[in-house]
Amino acid sequence: MSNMLAIGTSGLNAAQLALNTISNNISNASTPGYSRESTVQVEQVGATTGNLTIGGGVNVTAVQRAYNQFLSTAMWSSNSGLQGATTYNDLATTLNSTLSSSGNLQTSLDNFYTSFSTLAGSADSGSNRQAVLGSASSLVANFNTLAQQFQQQQGSINTQVAQTVDSINTTAASIARLNQQIVQAGAGGSAANALLDQRDTLVNTLSGYLGVSTSFNTDGSINVFTNSGQSLVSGSNAYAMSTGANAYNATTTDVMDNTGTDITGKLSGGTLGALLTYRSNVLVPAQNQLGLAAVGLASSVNAQQAQGLDLNGQQGGAMFSVPEPGVSASAANQGTATVGASISDPSALTGSDYVLSYNGSQWKLATSAGQSVALTTNPNGTLSAAGLTFNVSGTAQAGDSYKIEPTRNAASGISLSMTDPNGIAAAAALTANPASGNTGSAALASIKVTDSTNPNLLSGATVSFPTAGSYQVTNSSGTVLASGSYGSGQAIGANGWSLTLTGTPAAGDSFAVAANTAGLADNSNALSLAALSNQGVLNGGKTSIIDAYANLTTQIGDAGSQAQSDLTVQTALNNQAVSSQQSVAGVNLDQEASNMVQYQQAYQAAAHIISTAQALFSSLLSAIGA
Amino acid sequence: MRISTYWHYQQSVATMLSQESALAQTQNQVSTGKSINVASDNPTGAAQVVSIDHTLAQNDSYTSGINAANTRLSTETSTLSSVTNLLDRAQSLALSAMDGSMSAQNRASIAGNLVQVRNQLLQYANTTDSNGNALFAGTSNDKVPFVQNADGSVSYQGNTAQQMALIGNGLQIPTGDAGSAVFMDIPAGNGSFVASAGSANTGTLVVGSNSVTDPTAWKSAESAAGGQFTISFDASGNWSVTDASGNPVNDTSGNPIGGTYSSNTGSISFDGMSIGLSGTPAAGDTVTVQANQKQDIFGTLNQMINALQGAGGSTSDTQLTNTMNRQLESLDQALGTINNVQVQVGGRINELNQQSTAYSSLGVTYQSALSSVQNVDAYSAISNLSLQSAALQASQQTFAAVKSLSLFNYLN
């Protein structure tokens, strides 16, 4: 009977423990990261009486959590993907709405070009000229606004990188602390289910911040590494990352490991990976592409301006100014060299950034992605590549490097440098008039500016034909500038201009080439300025400014739509991984309800054992007593 | 598969949230009428929108260029019509002045009429366009193009360039003609040469109509002679020809050209030209033939005016007839020149209209292209909207149904 009492008590205890576990499961049904727990019951070995062995009741050996390491690891890695895709999508969506809400650059560009067409209708009208400057100034404002929005996103990425690294460090430190507690609890013999759940939740959070891999130690602690192998947590030690300025650019926040080495390029996955990838794959190219459009606009308009005469009779001055390419020396440079960069050929520019480095004997240029670019040494000692010219002075040491950002700040820095509406060069720069005594049939077909930088462009000259088959060009003091034989339709050039005639000159005919100061109502240069709207000025002369903007739109739109579809994929993957993990570790309330009924009945039955034992005992006592 | 109650709720909520966001996007499309609201909605479509919008803006710009050019050219064509009328009037005045029965007084009053014609012509030549820019100044802007000097002659102060308008990609059209080409550089005489009686002639020789009958022979003879022939008559009407340097002009066989003129022969011909003559030359009278002469309209009118004002006094009838004959020839040339310009202007206006029609039909094409890229198809968007809202409703209803399913409901 004492046996029966003991067995009944063990049953009561077991049912009680099971009911407690079930209560805990039900209470934690909505706790994120909670793993369902269950009691492990073992039959107690009983004493052997004679040749019979009766079990000694039930023993609860453990409260076990439902757990599958593979499923948890899969969930962690899918969380990296999901958080990364979410961050990327948030950034790309912001960029897309920025693009559509910061004023339409195409409209501003077209208004600007059209204002030249309107000007051409009456080239000396002050109001038309003012309208050109007005549309130019709103175009510049549009470039600036868009570029500032992009820069703001750079700034917000910097902040988010720093915050995320902080969170990673905090989480890694908590994991290390929990590792320590788990090892201590494990040493004390009790399985630390709650601690393990907490730690797994933190690892899940950490993988949301950054792509990580894990490994388990025999003492129950976990090691966490970044995808590229840098240790974040090793047992009870956490290794903090830090943030700091990029070696070239103090306005870009990079990530360093605990030894101070820049590991920005090695990180992937999670929020931090997405921030860094987005910055280098979407934002910087978008800034460069927008800058490229700004450089193209400024250089094409300024070049066309220089080919005409303004209302004051002067050669047209620059309308826009853009900042020179950015050159930043590496913080690690040892030498004293300074590098200047300028744009020599806008049509050869690309959207890339470059690194110019010195290997001890010569300079090398590579894109920031690492592709090397051939440098040409110019006769004056400067170096040229990809539409850029580098001017190096001072002494460089081997290993010194410079980051070149040709168009990064062009869109934010473009400004309207023309303030006087009379400065718009609507008229052609030159005119060529036949001498009054000409007897041949030659007439002017065209006179074009071929080199607007020629200092003598507007100084005038006489093209004469000593014989019908030869020409010579003389300046006002009689110096012969050019001469040669003449064939019909042949271009005659000097002083940066080129003259073409129709018909045939007679011997002794001449044409006087002079600045077109008597034709300031002329609109031919205004028409050329208007025609820039369709003219390829970038990408080897294939891409107009409008095209460049359309490309930027596609580029940003692609980034946005890819981010959306990637988010959909990652959400589905994460759902699947979490569903699988939850199918093992999650709490199902129906199951708990049925278990509760089961153990409630077990408890009642065990209680009956005790009451039966008591009845047996009473009947025995009464039998004895009677 | 075991279902975690917590995750089951989470997923139901997530499903409803994503349905709601899809619904919001469709709703946005329906309310804006656009399927591309941000570039990521359709990246290539967004770039197409940029380029179609650009093309439309270009069309608008070309169209307004065409309108401006049209205004300017219409002003020019109506001005030129007035000029033609004016010159017609000058012609009939000149012809009436040559009537032998006219008195010197009548001729002087005709001269007065011609002065008015000249002054009005000057006014037309200085016509301005709607922007106040002179129509016939070329591309000069700082001076009045035609200015009358003290002696009545008119100087052109503009230049010879033409204003252009941009009416298409790489397509420019002149929106005006330089005053020099319209009023100044007009061929004198019959267009090839001027045959004029010498001012010192004493006979009654009158040079009448003259022309080039063989252009090839004329061209080669003209350049060999240095552009000038002088025909000299002796007392018996024999004539000989000398060139610009005073040397006798020979025929193809090397013999000096010459002949005998009498008032019966009516004309003399050589070297591809025919010169109509009447009256009788005195000994030593000459007729000068000058090639490639130019004379402005104002000069033509002035010469008529001077001749008419001098009639009955310093100008003999023969001289008057000769002068008027020459100037009428020049007036014909002026009318011809203006007519040519009119034809060119008409051609340009015609081209402008064609371009304009092309742009308006292209505009329709591009608008429909733009709308097919950018605008949402209302039918599919609205049916999408009702489909999505039905799906969301279904999710909500299932959620409500499933949430009440719990074993705990049946335990007590």
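Looking for something away from chain A (no Cβ under 14 Å), under 19 Å from the mean Cα position of the chain (by Cα) and part of a loop (DSSP other than H, G, I, E, B) - is there at least one such residue anywhere in segment B:112-126?
Yes.
So which residues in segment B:24-38 are in a helix (DSSP H, G or I) and either surrounded by fewer than 18 Cβ atoms within 10 Å (Cβ to Cβ) or within 13 Å of another protein chain (Cβ to nearest Cβ) (or both)?
Across segment B:24-38, the qualifying residues are B:Ala24, B:Gln25, B:Gln27, B:Asn28, B:Val30, B:Ser31, B:Thr32.
Test each condition in (1) within 7 Å of chain B (Cβ to nearest Cβ); (2) surrounded by 24 or more Cβ atoms within 10 Å (Cβ to Cβ) for A:Asn534 and report the one that comes out false.
Result: A:Asn534 fails condition (2) only.
Could you say whether any residue in segment B:96-105 is modelled with pLDDT under 85, within 30 Å of B:Ser361 (Cα to Cα) and of a type in the set (D, E, K, R)?
No, there is no match, as no residue in segment B:96-105 is modelled with pLDDT under 85, within 30 Å of B:Ser361 (Cα to Cα) and of a type in the set (D, E, K, R).
Among the residues of segment B:85-98, write down those that are assigned to a helix (DSSP H, G or I) and over 12 Å from B:Asp332 (Cβ atoms).
B:Asn85, B:Leu86, B:Arg89, B:Ser92, B:Leu93, B:Ser96, B:Ala97
Do you know which of the residues in segment B:45-75 that are within 13 Å of the chain's Cα centre (by Cα) and not hydroxyl-bearing (Ser, Thr, Tyr) is nearest to the other protein chains (Cβ to nearest Cβ)?
Within segment B:45-75, the match that is nearest to the other protein chains (Cβ to nearest Cβ) is B:Ala68.
Return a yes/no flag: does segment B:4-15 have any residue that is touching a strand residue (DSSP E or B) at 6+ places or on another chain (Cβ under 8 Å) and within 14 Å of chain A (Cβ to nearest Cβ).
Among the residues of segment B:4-15, not one is touching a strand residue (DSSP E or B) at 6+ places or on another chain (Cβ under 8 Å) and within 14 Å of chain A (Cβ to nearest Cβ), which makes the answer no.
Checking the conditions here, which among A:Val140, A:Val161 is under 29 Å from A:Ser524 (Cβ atoms), modelled with pLDDT of 90 or more and in contact with a strand residue (DSSP E or B) (Cβ under 9 Å, 6 or more places away or on another chain)?
Every option except A:Val140 fails the conditions.
Where in segment B:293-412 are there helices (runs of 4 or more DSSP H), lying wholly inside it, with at least 2 residues that are within 30 Å of B:Arg72 (Cα to Cα) and within 14 Å of chain A (Cβ to nearest Cβ)?
In segment B:293-412, the matching helices (runs of 4 or more DSSP H) lie at B:317-374.
Only one of A:Ser436, A:Ser441 is within 14 Å of chain B (Cβ to nearest Cβ) and either on the phi > 0 side of the Ramachandran plot or out of contact with any strand residue (DSSP E or B) (no Cβ under 9 Å at 6 or more places or on another chain) (or both). Can you tell me which?
Answer to the selection: A:Ser436.
Anything in segment A:116-131 that is more than 9 Å from chain B (Cβ to nearest Cβ) and either free of Cβ contacts under 8 Å to residues at least 12 places away in the same chain or of a type in the set (S, T, N, Q) (or both)? List them, or say none.
A:Ser127, A:Gln130
Among the numbered criteria (1) part of a helix (DSSP H, G or I); (2) of a type outside the set (S, T, N, Q); (3) farther than 30 Å from A:Thr431 by Cβ, which one does A:Val301 miss?
The one condition A:Val301 does not meet is (3).
Select, from A:Gly296, A:Gly265, A:Gly273, the only residue that is surrounded by fewer than 19 Cβ atoms within 10 Å (Cβ to Cβ), in a helix (DSSP H, G or I) and touching a helix residue (DSSP H, G or I) at 6+ places or on another chain (Cβ under 9 Å).
So the residue among A:Gly296, A:Gly265, A:Gly273 that is surrounded by fewer than 19 Cβ atoms within 10 Å (Cβ to Cβ), in a helix (DSSP H, G or I) and touching a helix residue (DSSP H, G or I) at 6+ places or on another chain (Cβ under 9 Å) is A:Gly265.
Conditions tested, residue by residue: (1) at pLDDT 90 or above; (2) buried (at least 18 other Cβ atoms within 10 Å of the Cβ); (3) under 17 Å from the mean Cα position of the chain (by Cα).
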| residue | (1), (2), (3) |
| --- | --- |
| A:Gly557 | yes, yes, yes |
| A:Gly560 | yes, yes, yes |
| A:Ala563 | yes, yes, yes |
| A:Asp566 | yes, yes, yes |
| A:Val569 | yes, no, no |
| A:Asn574 | yes, yes, no |
| A:Val578 | yes, yes, no |
| A:Gln581 | yes, yes, no |
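Taking segment A:546-574 only, how many residues are at the interface with chain B (Cβ under 7 Å from one of its Cβ atoms) and without any contact (Cβ under 8 Å) to a residue 40 or more places away in the chain?
Here the count works out to 3.
Condition check ((1) modelled with pLDDT under 85; (2) surrounded by 15 or more Cβ atoms within 10 Å (Cβ to Cβ); (3) in the same structural domain as A:Ala559 (by TED's automatic domain parsing)) across all residues:
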site	(1), (2), (3)
A:Ser10	no, yes, no
A:Leu19	no, yes, no
A:Ser35	no, yes, no
A:Gln41	no, yes, no
A:Gly50	yes, no, no
A:Val60	no, yes, no
A:Leu91	no, yes, yes
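Restricting attention to segment A:615-626, which residues are without any contact (Cβ under 8 Å) to a residue 60 or more places away in the chain and either part of a loop (DSSP other than H, G, I, E, B) or not hydroxyl-bearing (Ser, Thr, Tyr) (or both)?
The answer is A:Ala615, A:Leu621, A:Ala623, A:Ile624, A:Gly625, A:Ala626.
Looking at segment B:145-186 only, could you name the residues that are buried (at least 20 other Cβ atoms within 10 Å of the Cβ), away from every other protein chain (no Cβ under 14 Å) and part of a strand (DSSP E or B)?
Those that are buried (at least 20 other Cβ atoms within 10 Å of the Cβ), away from every other protein chain (no Cβ under 14 Å) and part of a strand (DSSP E or B): B:Phe146, B:Val154.
Within segment B:112-162, how many residues are in contact with a Pro (Cβ under 7 Å, 6 or more places away or on another chain) and polar (S, T, N, Q)?
3
Of the residues in segment A:511-527, how many are buried (at least 22 other Cβ atoms within 10 Å of the Cβ) and either more than 9 Å from chain B (Cβ to nearest Cβ) or part of a helix (DSSP H, G or I) (or both)?
Total satisfying the criteria: 8.
Identify all residues within segment A:59-75 that are polar (S, T, N, Q) and closer than 17 Å to A:Val578 by Cβ; write none if there are none.
Within segment A:59-75, A:Asn68, A:Gln69, A:Ser72, A:Thr73 qualify.
Condition check ((1) free of Cβ contacts under 8 Å to residues at least 60 places away in the same chain; (2) outside any strand (DSSP E or B); (3) surrounded by fewer than 17 Cβ atoms within 10 Å (Cβ to Cβ)) across all residues:
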residue: A:Leu365; (1), (2), (3): yes, no, no
residue: A:Gly370; (1), (2), (3): yes, yes, yes
residue: A:Thr389; (1), (2), (3): yes, no, no
residue: A:Thr395; (1), (2), (3): no, yes, yes
residue: A:Gly399; (1), (2), (3): no, yes, yes
residue: A:Tyr402; (1), (2), (3): no, no, no
residue: A:Ala411; (1), (2), (3): no, yes, no
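Run down A:Ser207, A:Ser167, A:Ser174 and say which single residue is at pLDDT 90 or above, crowded, with 22+ Cβ neighbours inside 10 Å and assigned to a helix (DSSP H, G or I).
Checking each option against the conditions leaves just A:Ser207.
Restricting attention to segment B:380-397, does a residue exist that is among the β-branched types (Val, Ile, Thr), surrounded by fewer than 16 Cβ atoms within 10 Å (Cβ to Cβ) and touching a helix residue (DSSP H, G or I) at 6+ places or on another chain (Cβ under 9 Å)?
So far as segment B:380-397 goes, yes, one or more of its residues are among the β-branched types (Val, Ile, Thr), surrounded by fewer than 16 Cβ atoms within 10 Å (Cβ to Cβ) and touching a helix residue (DSSP H, G or I) at 6+ places or on another chain (Cβ under 9 Å).
Could you check how many residues of segment A:265-275 are farther than 11 Å from A:Val165 by Cβ and within 14 Å of the chain's Cα centre (by Cα)?
4
Need the failing condition index for B:Thr265 against (1) at pLDDT 80 or above; (2) outside any strand (DSSP E or B), just the number.
(1)
The values are calculated or read from the model by the stated rules, or taken from the named source; none is laboratory data. As the structure is a computational prediction, the values presented were derived from the model and not from experiment. Cβ sites come from the backbone with ideal geometry, for glycine too, and all protein chains shown count toward neighbours.
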